[in-house]
Amino acid sequence: MIQFLPLGGAGEIGANCYYLNINDIGVILDCGMHPQKTGLDSLPKFDLLEDKPTDYVLISHAHQDHLNALPFLIKKFPHLKIITTPQTRAVAELTLHNAISILKRQVDESEFEIYSRDEVDLLIKSINYKSYNEKFTLDSLNSSAKVEAEFLNAGHIIGSAGILLTFKDKRIFFTGDINLSSQTLLPGANLPSEKIDILITEATYGTTDSSIINEWEKEVDRFSSSINKVINNGGSVLIPVFALGKLQEMLATIWLQMQRNKITRVDIYTGGIGNKINRIYDYNRYVVNLNQKELLLYEIPQKGLNELKDFDDLFKIPSIILASSGMMVESTYSFMLAKRWLHNKDSAIFTVGYMDPSTPGSIIESARKGDKIQLTKKDRKIEVNCEVKNFRFSAHSKREELVLLVNKLKPNTVILVHGDKEAIDWMGATILKQHPGKKVYAAENFREIIFD
Ligand SMILES: [Zn+2]
């Protein structure tokens, strides 16, 4: 008997967390925190696990919406064994510590108990790590069953993995966040070589018409010439990025283009936790087979945003600023810088990734010169004087590539997660059109699906 129960992250991009009961072995896939919610609302519904066997937590990658609720889960279920890739473990050590100070700003600690730095240290030490393609066994005192498990490179960020679980002759594959195409640093995903029975797949780009997404290299060219136009005119370019994944890809892309004389050499500013994550990319570049093994992110000349005395200095000499957060969330570097940028007519904000509709990033992304926009309820309306341009450097597969997964892996059953309703509907309808006999589920939070 196999039971699948989403505790979050079904029908949304939120607190991704899926429970699997495989013949009484309890496996939790991912344990994320909802990026746009706070306190208890931001956590998966752990209460639903109380009457169920729970043995393992496997984490697909270290993004907040897949990892950050882990300390809360372990507080409640301290017997759980955690398994990740070595790179996810290394990144988690940085980001879970960093998250403490963010949580402290967001929640009232008398109502919502935050974990401590010591608890993060102990949690990280207790993580058992397995490399890509290294098979390992999941078992439990409560069950005579044994589940074979394996992480496969998911091509999304450093250490990201698809998770393959084999029980008897049944194979379950959870994609995590997956990218089948190469980025500047990350090579595309590896897929299981054998037929899958149950495919649990993300659907992030289910609503995005792929014809508007350029191939990576083509987008790099458009991005480079657009940067040059601004800096050759004396302006500076602000690029909001996630500290994990997007920063490293964009930094490498810009530096390589400078070396090819495709982007004029100017100062590059970075800052925050992203610089530490850069080192994890550097150390692991051979282990995870990055595309640019000779390139050390650490050696790319960068100026520190935190060393700046006045943000206005960024406009005195043309420069490129890579600042987090990626969605310009309130009180982050990219948010504060964007407010200055909007006033400056010679400069530009270039967006490079997904913006949640509820974030200031989404408002800025769709604004154009002359518009009057209000970033948060607290802010006054600002006239947009700078240029705003949108680029797509996706770390997720296009929707057609996700449908191709079904052709390649030949699952009998497909469970769609990690996407809004429209995205899931497009994916489901397209898969059924191409494969009429398949069982396709739009997973719903807190609603279980049972297989024989
Ligand atoms: Zn992700």
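The values are calculated or read from the model by the stated rules, or taken from the named source; none is laboratory data. Predicted, not measured: the structure shown is a model, and the values here were computed from it. Positions of Cβ are backbone-derived with ideal geometry, glycine not excepted, and every protein chain shown enters the neighbour counts. To get the accessible areas, we keep the full protein, side chains included, count just its heavy atoms, and leave off ligands, DNA and RNA. Shrake-Rupley method; radii C 1.70, N 1.55, O 1.52, S 1.80 Å.
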Any hit, the stretch 233-246, residues being part of a loop (DSSP other than H, G, I, E, B), within 24 Å of the chain's Cα centre (by Cα), within 16 Å of residue 326 (Cβ to Cβ) and in the same structural domain as residue 134 (by TED's automatic domain parsing): no
Options 168, 218; residue that is open to solvent by 10 Å² or more (accessible area, probe 1.4 Å) and farther than 27 Å from residue 61 by Cβ: 168
Some residue of the stretch 1-22 being open to solvent by 20 Å² or more (accessible area, probe 1.4 Å), at pLDDT 95 or above and farther than 18 Å from residue 414 by Cα: no
Subset of the stretch 225-249 [away from the ligand (no atom under 16 Å from the Cβ) and closer than 24 Å to residue 158 by Cβ]: 239, 240
Test: residue 115 is closer than 23 Å to residue 331 by Cα and in contact with a Phe, Trp or Tyr (Cβ under 9 Å, 6 or more places away or on another chain): yes
Tally of residues being buried (at least 20 other Cβ atoms within 10 Å of the Cβ), touching a residue at least 60 places away in the same chain (Cβ under 8 Å) and at negative phi across the stretch 399-418: 10
Filter result (within 16 Å of the ligand (Cβ to nearest atom) and either under 30 Å from residue 3 (Cα atoms) or open to solvent by 20 Å² or more (accessible area, probe 1.4 Å) (or both)) within the stretch 368-393: 392
Residue 148, sole failed condition from (1) among the charged types (D, E, K, R); (2) within 16 Å of the ligand (Cβ to nearest atom); (3) closer than 21 Å to residue 451 by Cα: (2)
Residue list for the stretch 54-67, filter: within 15 Å of the ligand (Cβ to nearest atom), open to solvent by 10 Å² or more (accessible area, probe 1.4 Å) and free of Cβ contacts under 8 Å to residues at least 60 places away in the same chain: 64, 65
Qualifying positions in the stretch 255-281 - within 21 Å of the chain's Cα centre (by Cα) and open to solvent by less than 10 Å² (accessible area, probe 1.4 Å): 270, 274, 277, 278, 281
Residue within the stretch 207-224 that is more than 16 Å from the ligand (Cβ to nearest atom), over 30 Å from residue 317 (Cα atoms) and over 22 Å from the mean Cα position of the chain (by Cα) present: yes
Residues of the stretch 164-179 classified as within 16 Å of the ligand (Cβ to nearest atom) and more than 14 Å from residue 67 (Cβ to Cβ), total: 4
Residue list for the stretch 394-429, filter: within 16 Å of the ligand (Cβ to nearest atom) and of a type in the set (Gly, Ala, Ser): 394, 395, 397, 419, 423
